[in-house]
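The numbers here are math on the coordinates, done by the rules we state, and not lab data. Bear in mind the structure is a predicted one, so any value in this text is a computation, not a measurement. Reconstructed Cβ throughout: ideal geometry from the backbone, glycine too, with neighbour counts over all protein chains shown.
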Amino acid sequence: MTVFVTSACLVVLQAPIEIGSRLEPFVDTHLVGTLEGASLELGELVHRGPVLRFDQPWEGPFCGYATVIHDGPRYLLYYRGLPEAGADGSALETTCLAVSSDGVRWERPHLELFEVQGTRANNVVLADAAPVTHNFSPFLDSRPGVPAARRFKALGGTQSSGLIGYVSADGVRWTKLREEPVFRHGVFDSQNVSFWSAHEQRYLCYFRTWTGAGYSGFRTVSRTTSEDFATWTDPVEMGFGNTPREHLYTNQTHPYFRAPHVYVAIAARFLPGRQVVSDADARRLGVNPRYYKDCSDAVLMTSRGGARYDRTFLDALLRPGIGLENWVSRSNYPALGIVQTSPTEMSLYVNQSYAQPSAALHRYSMRIDGLASVSAGVAGGELVTKPLRFEGQRLTINFATSAAGDVRVEVQDAGGAPLPGYALADAVPQIGNELERHVAWKQGSDVEELAGEVVRLRFVLRDADLYALRFVPD
């Protein structure tokens, strides 16, 4: 997906964007004033293969609604166990847990908390709790001062039950927040996600609703907020700007771990009735007869608070892979959570081969901040930001160039005039592929004298990508 922003005049007075010293990834047009010869482009995902095959008796082909949490030295993966298809809230549904020390290699702990399928030698953390286990979705509560016994919180349930709140000290042993539901005003027939927002200073929940009455119209997302995780506001349906309506089966909205004021949503886009797999191929693959007459992929949405998603990119972030097993209903559903899995890499996880014996969770990697970038080819292009005000002494960029490419930066005043010493002619070309490079000019890299002033940044790129920027102290 290519997004162009152009203007005949740069001298447009606007209220400055206060970015302080926070990281600003180019996942939307928030900082974009004008683009000439450059465009916003989706990042590249690298398929790393399956990390967990759902082959245990209490798991099966209908495992889904996964959540990945990075908690200090450990990674936690929660998912629904379901060996047989049934109505939402089936008594066979459980919540399972896998653990990892690096987010790459996963194993099932033998927890022995519940007897399922005739054994306690399993990794089940919640059972006999239908319909909560249909879509149990936890998060690590980052609210300052949260009691240790409630470090983890979760919501689960269907329209019949409402959303039930749960809490945990360790993410393994869970108890109900209270018997009655904490929120009832939704359909909830999907994964309903929540988190503490440092940006908005409240808990947020993004949950399933429909645009029409009951289960009619389009599957969509609504939002509610809470100050205590127990009492929630009236829901507001999310807007998507001037973009076409699409079925969004899951939303997976969460704070981006390097820039928590930006909420990233890797949503499952569902195409009901768009059949790719033939009846004969479905029998060959062993797909459940109810689950091959639709297909789905994943799209990137973002939000910076309030009841609106930014759909900068309408193309798929994740396309179904080679092989008809990837083109069945309710496959390619991303897990909730993007986590760092190496010094240069972050990962997201995707349910694939749904409703068939090969069902598994797969890992996809990308560079840090690599969901999207400002990109220009060898002919060159440039980005000029909206007016902004920063704190810090050095400008750092996450960028990549070819051997022949480069990035140069000019600092302008609010009206678009180059500032002395920071003009394009003074800029030192940045060549390479780094997550954090100090930008420099002939006089050096110190920009502290400009901190607190309203400026624009002009990036001139040649065969290069700009993923993020940040002003940092010395």
Using amide H atoms built in the peptide plane, which far-off residues or other-chain residues are under 5 Å from G64 H to H? R80
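Select from segment 371-442 those GluC sites (Glu not before Pro) which occupy a DSSP coil region and have at most 15 other Cβ atoms within 10 Å, ordered by residue number.
Counting only loop positions with at most 15 other Cβ atoms within 10 Å, the GluC sites (Glu not before Pro) in segment 371-442 are E391.
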Cα-centre dipole for segment 46-367 with unit charges at Cβ (Lys and Arg positive, Asp and Glu negative), debye to 20: 540
Of all DSSP beta bridges in the chain, antiparallel share, percent nearest 5: 95
Size-normalised alpha-carbon gyration radius of the chain, reference 2.2 N^0.38 Å: 1.02
Computed helical MRE - 222 nm, the chain, DSSP H runs ≥ 4 contributing -39500 (n - 2.57), nearest 500: -500 deg cm²/dmol
The ³J(HN,Hα) series, computed from each phi in segment 322-333 with the Karplus coefficients 6.51, -1.76 and 1.60 at θ = phi - 60°, rounded to the nearest Hz and given as x for glycine or proline, is 5, x, 5, 4, 8, 10, 9, 5, 6, 9, 6, 8
Partners for K153 among lysines (Cα-Cα distance below 20 Å; same-chain residues under 8 apart left out): K176
What does segment 368-474 give for Rg and for Dmax, in Å, if only its C-alpha atoms count? 12.8, 35
For segment 274-321, what value does the Rg/Rh ratio take when both radii are computed over Cα atoms and Rh is the Kirkwood radius, given to two decimals? 1.20
At q = 0.11 Å⁻¹, what is the base-10 log of I(q)/I(0) for segment 76-168 according to the Debye formula with one equal point scatterer per Cα and no solvent? Please give it to two decimals. -0.35
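Between beta-carbons, use under 15 Å as the cut-off and find the net charge around R462, counting Lys and Arg +1, Asp and Glu -1.
Net charge in that neighbourhood comes out at -4.
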Working from the pairwise distances between different alpha carbons, so that the mean of 1/r is found and then inverted, what is segment 205-280's Kirkwood radius in Å? 14.5
Can you give the local net charge around Y291? Use residues other than it whose beta-carbon is closer than 14 angstrom to its beta-carbon, Lys and Arg +1, Asp and Glu -1. 0
Scoring the chain by relative contact order with C-alpha pairs under 8 Å, at least six apart, yields a percentage of 18
